[in-house]
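Just so you know, all these numbers are worked out from the coordinates, no wet-lab data involved. All of these numbers come straight from a predicted model, not from anything done at the bench. All Cβ positions, glycine included, derive from the backbone under ideal geometry; neighbour counts span all protein chains shown.
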Amino acid sequence: MTEIRVRFAPSPTGPLHIGGVRTALYNYLFAKKHQGTFILRIEDTDQTRYVPGAEEYIQQSLKWLGLNPDEGFGVGGPFGPYKQSERRDIYLEYAEKLVAGGHAYYAFDTPDELESWRKDMEAQGVHSPKYDQSTRRNLKNSLTLPEAEVRQMVADGKPYVVRLKVPEGETVVFEDIIRGNVQFETAELDDKVMLKADGLPTYHLANIIDDHLMKITHVIRGEEWLSSTAHHVLLYRAFDWEDEIPQFAHLPLILKPSGKGKLSKRDGAQFGFPVFPLEWYAEEENESYLGFREFGFLPDAALNFLALLGWSPGDDQEIMPLDELAKLFSLEKIVKSGARFDIEKAKWFNQQYILSKKSEKLLPYFLEVIPEKEISETRALEIIELLKPRITLLPDFLKESRFIFERPEVYEQKMLEKKWNAVNREAMIKVNGQIRNAATFGDDVFESEIKGFIDENKFGLGNILPLLRVCMSGSSQGPDVFRMMAILGKEELIQRLDAAFKAFDDIIKA
Ligand code: GLU
C-alpha cells in the first residue's frame, strides 16, 4: 500500500481563516488515521498578495491547535524547499517542458493590449471574453506568430506569459471523494496562465508540480478549487503523470450563522465571534481581530467544533478529542452541502472541555485572567475546581472569581427588597451566630449542621441560602453557598456577613 501523504498549502495572503483551519484539520486527521504524512507547504507565488507576518501566523496557529506538520515548511523533509518562492527554477523547467511538448504556448499580449481586446470583444457583444480555444488564434502568441519572430522576441527579453493550451472538444472527468463524478467541457476552460511575466508560476502550475514531486496522494481542500481541478487534470496529462494523479476531496463551504452565504471576517466583527484562530492585526484597516484563543476557547474544543462542521462520525457522538477524531475520521463521511457556523455550539464544546479538564490543566489559563498574582497553587486549584462548572469561555474565570478576591460593593437590590424583612433578618442573625460557633467549618459536618439549624427553626433554606450568597458576593447567582463559604474562609465570611447586614439595613431603609 502506498503511504498516505497530504498537504496543507495555504497562501500567506492574510491570517488563516477558520475555513483554512478546518482544511488543515481534515488533512491532519486523514494523515493520522492512515499513519500518513501531514505536510505544510507555503504557496507564495503571488507576490502582489503577500502579507508580511502571514507565514508566522500560519505556523503559530497550527502550533496552538496542535496540528503539527510531520514535514514541510519550518520542519524540513526530503522534498524541500516547501515554500514555493524558493522553487522558482523547478517551475521554469517544467513550464518549458509544457511548451516543448505542445501543451502550452508563449503569449506576448501586454496587459494594455488585452484590455483593449476585451473592450472590442464586448462591443461586439461577447460577454466577458476569455483567452481560450475560441480566441487564441486572434491573439499575439507563439501559435499565431512565426517561429523566428517568437524566438527573436524571447531573445530580446520581451515580456511574455506561458499559457496552457487547453485541448479542444474534450470532456475532463475526475472523481471527487466527496462530490463523486465531476465533469467539465474543455470548451468552458480558458487557457490559464502557467508562468507569469515575472517568471513566477501561477498557483495552478506550482501546485501541480509540487503535489507531484512531493508525492501527494490526496488533495483535500476547499470547494472554491473544484473548478480549477479540470485544469489541473489537464496538466497532469500534459506532464504524463496521469497514473499518479492524487485523489481529490473538495470540502464544503462554511456558511454564515444565518446559513446564507460564505462566512466572512465581517460576520465575526458584526456578531462578535472569532473567525480566526489567533488575534490578527490587519494593518491596511488598522483593525485587530481577536481569535478563538483570545475569546477564551481551548484549542481542543475549537478543533472538535470545527471537525463537525461538514463531517460527522455517522452517529450522535459529539465530544471527540483529537486522537479520537483521527480514529473515526473518513473523507467519505464529509457532506457536500455547506456547514452553518454556530458560535453557540462552539461555546458548548468549550464548556464541555473545560468541565472535563483536570484543574491542573486549567491553571495557566486561570492565572492569566485573574488579577491576583500572589496566589498559591493549592488555593488556585481549589478555586478552579469550584468555578469550573460555571465557565464557558476562559475569561469567565475573571467574572466568576471576582467575589473571592474582592468584597462586594453593591448588593442585589431586588433580592433584598423581597427577602430582607424583619423575620428573615432575625433568622440571618441567628444563622450568623450558628456559623461562628459551629464545631467545624467548611466541611460536610458544617454544612449539615447549618442546614439542620435552618430547618429546625423553620427559617426556610429558600430564604436563607440566597441571602447568604448575596452577603458573600452581592449577587444571588453563583456556585453552591457552602462551597463559597469554604473558599472564603471563616474569618472573611464573618466579616462579610457583618458588613452585609449593615448595608442591607441601609438599603432597605432608604
Ligand atoms: N494555496 C491555495 C490556498 O491558499 C491552496 C489550494 C490547494 O490546496 O490546492 O487555498
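Tally the residues that are assigned to a strand (DSSP E or B) and surrounded by 14 or more Cβ atoms within 10 Å (Cβ to Cβ), restricting the search to the stretch 263-281.
Counting residues in the stretch 263-281 that are assigned to a strand (DSSP E or B) and surrounded by 14 or more Cβ atoms within 10 Å (Cβ to Cβ) gives 1.
For the stretch 193-215, which residues satisfy the criterion of being away from the ligand (no atom under 14 Å from the Cβ) and part of a strand (DSSP E or B)?
Val193, Met194, Leu195
Could you pull out the residue among Ile370, Ile404, Ile375 that is of a type in the set (Val, Ile, Thr) and within 30 Å of the chain's Cα centre (by Cα)?
On inspection, the qualifying residue turns out to be Ile370.
Quick check, is Gly76 over 27 Å from Ala197 (Cα atoms), crowded, with 17+ Cβ neighbours inside 10 Å and either near the ligand (Cβ under 10 Å from one of its atoms) or over 18 Å from the mean Cα position of the chain (by Cα) (or both)?
For Gly76, the condition - over 27 Å from Ala197 (Cα atoms), crowded, with 17+ Cβ neighbours inside 10 Å and either near the ligand (Cβ under 10 Å from one of its atoms) or over 18 Å from the mean Cα position of the chain (by Cα) (or both) - is not met.
Which residues, taken from the stretch 140-199, are in contact (Cβ under 8 Å) with a residue 12 or more places away in the chain, among the acidic types (Asp, Glu) and within 24 Å of Ser116 (Cβ to Cβ)?
Asp190, Asp191, Asp198
Please enumerate the residues belonging to the stretch 326-379 that are among the acidic types (Asp, Glu), free of Cβ contacts under 8 Å to residues at least 40 places away in the same chain and out of contact with any helix residue (DSSP H, G or I) (no Cβ under 8 Å at 6 or more places or on another chain).
Listed by number, the residues that qualify are Glu344, Glu368, Glu374.
If you go through the stretch 140-150 one residue at a time, do you hit one that is surrounded by fewer than 17 Cβ atoms within 10 Å (Cβ to Cβ) and touching a strand residue (DSSP E or B) at 6+ places or on another chain (Cβ under 8 Å)?
Yes - at least one qualifying residue is present in the stretch 140-150.
Tell me whether the stretch 235-247 contains one or more residues that are within 15 Å of the ligand (Cβ to nearest atom), in contact with an Asp or Glu (Cβ under 9 Å, 6 or more places away or on another chain) and part of a helix (DSSP H, G or I).
Yes - at least one qualifying residue is present in the stretch 235-247.
Matching residues to (1) in contact with a Leu (Cβ under 6 Å, 6 or more places away or on another chain); (2) surrounded by 18 or more Cβ atoms within 10 Å (Cβ to Cβ); (3) part of a loop (DSSP other than H, G, I, E, B):
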position	(1), (2), (3)
Ile404	no, yes, no
Pro408	no, yes, yes
Leu416	no, yes, no
Val423	no, no, no
Lys458	no, no, yes
Arg483	yes, no, no
Glu492	no, no, no
Asp498	no, no, no
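Kindly indicate which of Ala238, Ala206, Ala230 is touching a strand residue (DSSP E or B) at 6+ places or on another chain (Cβ under 6 Å) and of a type in the set (Gly, Ala, Ser).
Ala230
With respect to His218, is the statement that it is closer than 20 Å to Pro129 by Cβ, buried (at least 17 other Cβ atoms within 10 Å of the Cβ) and within 12 Å of the ligand (Cβ to nearest atom) true?
Taking the combined requirement at face value, the residue does not satisfy it.
For the stretch 1-58: of the residues being in a helix (DSSP H, G or I), surrounded by fewer than 18 Cβ atoms within 10 Å (Cβ to Cβ) and free of Cβ contacts under 8 Å to residues at least 40 places away in the same chain, which is farthest from the ligand (Cβ to nearest atom)?
Glu56
Give the number of residues within the stretch 77-91 that are touching a residue at least 24 places away in the same chain (Cβ under 8 Å) and assigned to a helix (DSSP H, G or I).
5
Spot the failing condition for Ser337; the list is (1) surrounded by fewer than 14 Cβ atoms within 10 Å (Cβ to Cβ); (2) assigned to a loop (DSSP other than H, G, I, E, B); (3) out of contact with any Pro (no Cβ under 8 Å at 6 or more places or on another chain), and only one is missed.
Condition not satisfied by Ser337: (3).
Quick check on my filter: what residues within the stretch 467-479 are in a loop (DSSP other than H, G, I, E, B) and touching a residue at least 12 places away in the same chain (Cβ under 8 Å)?
Gly474, Ser475, Ser476, Gly478, Pro479
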